[in-house]
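Input: a single structure, listed below in structure tokens.
The values are calculated or read from the model by the stated rules, or taken from the named source; none is laboratory data. Values in this document were obtained by computation on a predicted structure and should not be read as measured data. Heads up, the Cβs are rebuilt from the backbone with ideal geometry, glycines too, and the neighbour counts pull from every protein chain shown.
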Amino acid sequence: MRLTPRQIRIFKMTVLRHFGENTLVWLFGSRVDDRRKGGDYDFYFETELVDPDEILDRKLALLADLHSTAEFEDEKIDLVIRPGAPGQDLPIFHIAKADGIRL
């Protein structure tokens, strides 16, 4: 996994601050493969929040906070968020969990 312990700690603390302590987080995509180089940061997480507007507001605030750190400044970060609302089941959710690493 191409993510430092400090990046993991910062990411998890930031997610928990914006989405709550019951949020589960995975890293997926190219950063899970130690043999690859470069690439963006792809994170998947599950939240208990259900309101799409609230989720979007919190997502934008989370990204702003991450980009204000030296560890994630100028990095491309993709966030895939599974809301707590029933019926929200997209293929990317399954792929991220199956191929990802839980943080």
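Contact map, the range 80-103: residues that are closer than 21 Å to L63 by Cβ paired with residues that are part of a loop (DSSP other than H, G, I, E, B) and of a type in the set (D, E), Cβ distance under 6 Å, separation 6+ or inter-chain. Pairs shown: G84/E48. Among the conditions (1) among the polar types (S, T, N, Q); (2) in contact with an Asp or Glu (Cβ under 9 Å, 6 or more places away or on another chain); (3) surrounded by 12 or more Cβ atoms within 10 Å (Cβ to Cβ), N22 misses just one, which is (3). D74 falls short of the stated requirement of being at pLDDT below 95, of a type in the set (D, E) and surrounded by 12 or more Cβ atoms within 10 Å (Cβ to Cβ).
Considering the range 3-38, and only residues there that are free of Cβ contacts under 8 Å to residues at least 12 places away in the same chain and part of a loop (DSSP other than H, G, I, E, B), the residue that is nearest to D74 (Cα to Cα) turns out to be G38. Give the residue that is nearest to I81 (Cα to Cα), with candidates limited to residues of the range 1-44 that are in contact with a Ser or Thr (Cβ under 6 Å, 6 or more places away or on another chain) and aliphatic (A, V, I, L, M). For the range 1-44, the residue satisfying everything is V15. When T69 is tested against (1) more than 13 Å from the chain's Cα centre (by Cα); (2) at pLDDT below 95, just one condition goes unmet, and that condition is (2).
For residues in the range 39-58 being touching a residue at least 24 places away in the same chain (Cβ under 8 Å) and part of a helix (DSSP H, G or I), which is nearest to A96 (Cα to Cα)? The qualifying residue nearest to A96 (Cα to Cα) is I55.
The residues of the range 32-55 that are under 13 Å from the mean Cα position of the chain (by Cα) and of a type outside the set (V, I, T), listed by number, are D40, Y41, D42, F43, Y44, F45, E46.
Restricting attention to the range 72-88, does a residue exist that is at positive phi and among the acidic types (D, E)?
Yes, the range 72-88 has at least one match.
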